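Below is one structure; the comments refer to it alone.
The values are calculated or read from the model by the stated rules, or taken from the named source; none is laboratory data. Keep in mind that this is a model prediction, so the values were computed, not measured. Quick reminder, even Gly has a Cβ in these numbers, built from the backbone with ideal geometry, and neighbours come from all protein chains shown.
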Amino acid sequence: MKSASVGFSAHLAGRVTTLATCWRVQRTDGQVFGFTDHDRDLTVDGLIYAAATGYQRAAISGRADLSVDETELTGLLDSDLITAEDLRAGLWDGAEVRIFLVNHANLAHGALKLRRGRLGEVVLQDDGSFKAELRGLTQMLQQTVGELYGPECRADLGDARCKLAITSSEWTRQMTVESVPDRETLIAADLDGISAFADGWFAGGVLTVESGANAGVSRDVVDWVQATRTLSLFLPLPYPLEAGDTVLVQPGCDKRRETCKTKFSNLLNFRGEPDIPGMQALLGAMIG
């Protein structure tokens, strides 16, 4: 059951209402934004809810069977708060959203909470608009909890189970950009021994830009070619890199035991079971 103040309840029971919907969005990088469908900015609990960015939401409904409550948000890129580059960079994906109603003629009535959840993938449209799916809190109940035995390591490189100090200078290398063929490819300057790393050393790793227009943006690495010092990215960067920009690059891990042993010398923390017979061995035993 939704709760509202006495004043808000009386306003809702009246013949004429002055309601506005507000969205409070907190991105995964910690930045907080406020938006409203009112024609003027509103200030609620010290946060300005901007009216410059128009948006339209689908109807909000709730269910009692624990199925995922979803709604859709459609907006226009008519504000500096939301840019195409930030959307392409994925900065809005997974952001926490709180939707509530206010009486814009009397904000002292408080708020009526409507929905809380997280944004799914935000899609940029060709016409300059964007669409985003808001997933309710019950979305978390749909996630699979548990692990399966398998030949590959279940830990992620550098996490608490892997225990490798991946962010140390021993593993994370700084590169200086020499040239940029395109937004998915860069050629590193031959500095700090970068050319000594063998083909594929950084494949599957992560690149994080330190300077320039892309500062703070991370991308997965597809491949590294030693001879040409070429680094290929899985997705393009939102802005072009410039010669002289610096990036941090971590090596990749294919989660195999041999890689854990020879590349990272971390076999004691390997979390896979490569010696357990797999499906082929089971089928062979049944046929035999």
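Given Ala188, Ala227, Ala215, which one is free of Cβ contacts under 8 Å to residues at least 40 places away in the same chain, out of contact with any His (no Cβ under 8 Å at 6 or more places or on another chain) and more than 26 Å from Leu87 (Cα to Cα)?
When all the criteria are applied, what remains is Ala227.
Which one is surrounded by the most Cβ atoms within 10 Å (Cβ to Cβ), of the residues in the stretch 77-117 that are farther than 18 Å from Ala132 by Cβ and polar (S, T, N, Q)?
Asn103
Can you spot a residue in the stretch 23-41 that is buried (at least 17 other Cβ atoms within 10 Å of the Cβ), at pLDDT 85 or above, under 21 Å from Glu121 (Cβ atoms) and of a type in the set (Val, Ile, Thr)?
Yes; the residues of the stretch 23-41 include at least one that is buried (at least 17 other Cβ atoms within 10 Å of the Cβ), at pLDDT 85 or above, under 21 Å from Glu121 (Cβ atoms) and of a type in the set (Val, Ile, Thr).
Do you know which residues across the stretch 177-189 are surrounded by fewer than 18 Cβ atoms within 10 Å (Cβ to Cβ) and either small (Gly, Ala, Ser) or touching a Gly at 6+ places or on another chain (Cβ under 8 Å) (or both)?
Ser179, Ala189
Take the stretch 10-49 and flag every residue that is hydroxyl-bearing (Ser, Thr, Tyr), outside any loop (DSSP other than H, G, I, E, B) and more than 26 Å from the chain's Cα centre (by Cα).
Thr43
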